[in-house]
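No value in this document is a laboratory result; all are computed from the given coordinates. As the structure is a computational prediction, the values presented were derived from the model and not from experiment. So basically every Cβ, Gly included, is an ideal-geometry build from the backbone, and we count neighbours across all protein chains shown.
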Amino acid sequence: MTSPYREAPRMLSCPRCAEALESLGDGVCACIACSGVWLSSAAVAQAFGRPQGPPGQALWWRNAVLCPVCTLAGTETLMTARQVEGTMIDQCEQHGMWLDDGELRVVVGVDVEALATRVATSLEALRRGDATPATRRRAAAAAAAALNTGELARLEAQRRTLRARIAELERELASVEAEIAAKR
């Protein structure tokens with residue numbers, strides 16, 4: 001017979017330092033020891049507008065981090081290492097993405113310094129053990145705002161790319177129209 005008092009709590013563990021991950025809500029967890037961030041697949045899709053996350057080059061020779069969800073389930077699955085915006089991220093194709101301290105700011109491509117400070121303050125309160133429910137809510141809100149900021153930045157970058165392509169096509173059209181006029 002098993003007793004709930006004899007079994008260890010089932011919690012996600014940090015893939016870097018093995019500390020328990022603290023849930024910040026909406027599929028976002030943080031490590032209070034190393035300040036890394038776990039984004040569930042749903043949080044990745046929300047942040048980047050696609051379930052695969054941001055595009056990046058695979059670094060298969062750097063695969064070294066175990067997926068915390070797979071580990072909790074009793075399997076050891078190495079996450080895929082990828083180079084995104086000059087930084088290396090680790091991603092489990094089924095469960096989510098691990099970002100080391102400071103990588104969320106780099107990957108979403110915007111300055112989220114104020115949000116990072118709020119999350120860091122909340123993590124510090126969690127480390128000290130004096131986090132109130134309000135502190136946990138603020139950390140969750142900061143994480144959600146960072147994800148929404150990332151989505152906005154992605155859309156703005158896409159708009160800039162499309163505007164540049166439209167300008168290029170307009171120049172090409174003007175060139176073709178000039179060539180047609182010259183042949184008449």
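Mind checking segment 12-79 for GluC sites (Glu not before Pro) that DSSP puts in a loop (not H, G, I, E or B) and that have at most 13 other Cβ atoms within 10 Å? Let's see the in-between values first.
Details: sites: 19, 22, 76; in loops: 19, 76.
Taking segment 12-79 and a limit of 13 other Cβ atoms within 10 Å, the loop GluC sites (Glu not before Pro) found are 76.
Residue 65 sits among other residues whose Cβ lies under 15 Å from its own Cβ, and their net charge, with Lys and Arg +1 and Asp and Glu -1, is -4.
Determine the shape class of segment 53-92: with a ≥ b ≥ c the square roots of the Cα gyration tensor eigenvalues, call it rounded for a/c under 1.5, and otherwise prolate if a/b is greater than b/c, oblate otherwise. The partial results should precede the final answer.
Values: a/c = 3.27, a/b = 2.14, b/c = 1.52.
It is prolate, given that a/c is not under 1.5 and a/b is the larger ratio.
Under a 5 Å amide H cut-off, with hydrogens placed 1.01 Å from N, residue 66 pairs with 79 among residues at least 5 apart or on other chains.
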